[in-house]
Amino acid sequence: MLDLGRGRSYLTVMTILTILTAPDPRLKLKAAPVDGVDDDLRRFMDDMVETMYAAKGIGLAATQVGVARRVVVMDLADKGETPAPQYFVNPEITWSSPEMEVFNEGCLSVPDQYDDVERPARIRARYLNYHGAEQTIEADELLADCLQHEIDHLNGVLFIDHLSRLRRSMILKKLEKARRLGQTG
Ligand code: GNR
Ligand code: NI
């Protein structure tokens, strides 16, 4: 095979993975930490990014594709900008601001449903990057929101779990109806 350097060969086949939708019980599992970052995991993360782009999402947690491992990908670049994928392996929030902020959230596992969620406005987190190097990050605004949303997924939590029971059951009922009509899932 033609070697393009940095461990890359010419034959890179990407796979679009299936995104689970609520109330799939696999979305409730707590994901286990990854041992380390190797070529296998990098291939999986490449597939996750490809899947996220195909679904037009800005983040994706491994839990959402039925893999109970602590892996998150994200790309917050605006449409038309150069893609800027980010990889978070074993992410851990090490500090959360006491100040909260309300974010309007959606989720690829709760298709076409949006609502406001209150979360810490700023966080610090540590994680391993694509190359397995330890990183720390300070996040606010969309990055803080998205990272908290994704780490929730790794703990089996969906944004609708932060809403009132009434609002959550309304959304789940709408999802069920959409699925019955063959619009999703
Ligand atoms: O694509 C997504 N958009 C989004 C918008 C506001 C807050 C969080 C998100 S994440 C979501 C993709 C997804 O479901 N990630 O888990
Ligand atoms: Ni989500």
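Excluding ligands, DNA and RNA, the accessible surface per residue across the stretch 126-165 is 48 Å² with a 1.4 Å probe.
Taking 20 Å as the cut-off, the amide N atoms of the stretch 24-44 that come nearer than this to a point 7 Å along the Cα-to-beta-carbon line of I93 belong to 27-34. Within the shell of other residues whose beta carbon sits under 13 angstrom from the beta carbon of R122, the net charge comes to -4, with Lys and Arg scored +1 and Asp and Glu -1. Within the chain, the whole DSSP H helices whose Cα atoms reach 15 Å or more along their own axis and whose mean Kyte-Doolittle score is at least -1.0 are 39-54, 141-154.
Each label point was placed 7 Å from the Cα along the Cα-to-Cβ direction; for A77 and N155 their separation is 3.1 nm.
Just checking the listed ones, D78, D38, D152: in the Gaussian network model of the chain with Cα springs under 10 Å, the one fluctuating most is D78. As a test of the formula, what do you get for the chain when each DSSP H run with n ≥ 4 contributes -39,500 (n - 2.57) and the sum is divided by the residue count, at 222 nm and rounded to the nearest 500 deg cm²/dmol? Calculated from helices alone, the mean residue ellipticity at 222 nm is -8000 deg cm²/dmol. Projected over all directions and averaged, the alpha-carbon convex hull of the chain occupies 11.7 nm². Averaging 1/r over every pair of different alpha carbons in the stretch 89-162 and inverting the result gives a Kirkwood radius of 12.9 Å. Contact order, relative form, for the stretch 19-98: 29 percent (alpha carbon pairs under 8 Å, 6 or more residues apart, mean separation divided by residue count).
Across the chain, C-alpha contacts under 8 Å between residues 6 or more apart give a mean separation that, scaled by the residue count, equals a relative contact order of 21 percent.
Between R42, R126, R165, find the one with the highest GNM mean-square fluctuation for the chain; connect C-alpha pairs within less than 10 Å. In the Gaussian network model the winner is R165. When both bridge partners sit in the chain, DSSP labels roughly 95% of those beta bridges antiparallel. Springs between Cα atoms under 10 Å define the GNM used for the chain, and in it the highest mean-square fluctuation of D161, D116, D40 occurs at D40. Of the residues M74, S96, I160, the one whose Cα sits farthest toward the positive end of the charge dipole of the chain, with +1 on the Cβ of Lys and Arg and -1 on the Cβ of Asp and Glu, is I160.
Surface composition of the chain: carbon plus sulfur atoms hold 50% of the accessible area, using a 1.4 angstrom probe and ignoring ligands, DNA and RNA.
The calculated FRET efficiency for A32 paired with Q135, based on their beta-carbon distance and R0 = 22 Å, is about 0.60.
The values are calculated or read from the model by the stated rules, or taken from the named source; none is laboratory data. The shown structure was predicted, so the numbers you read here are calculated from the model rather than taken from an experiment. Glycine also receives a Cβ, built like all others from the backbone with ideal geometry; neighbour counts cover every protein chain displayed. Heads up: the accessible areas ignore ligands, DNA and RNA and are worked out on the full protein's heavy atoms, side chains in. Shrake-Rupley method; radii C 1.70, N 1.55, O 1.52, S 1.80 Å.
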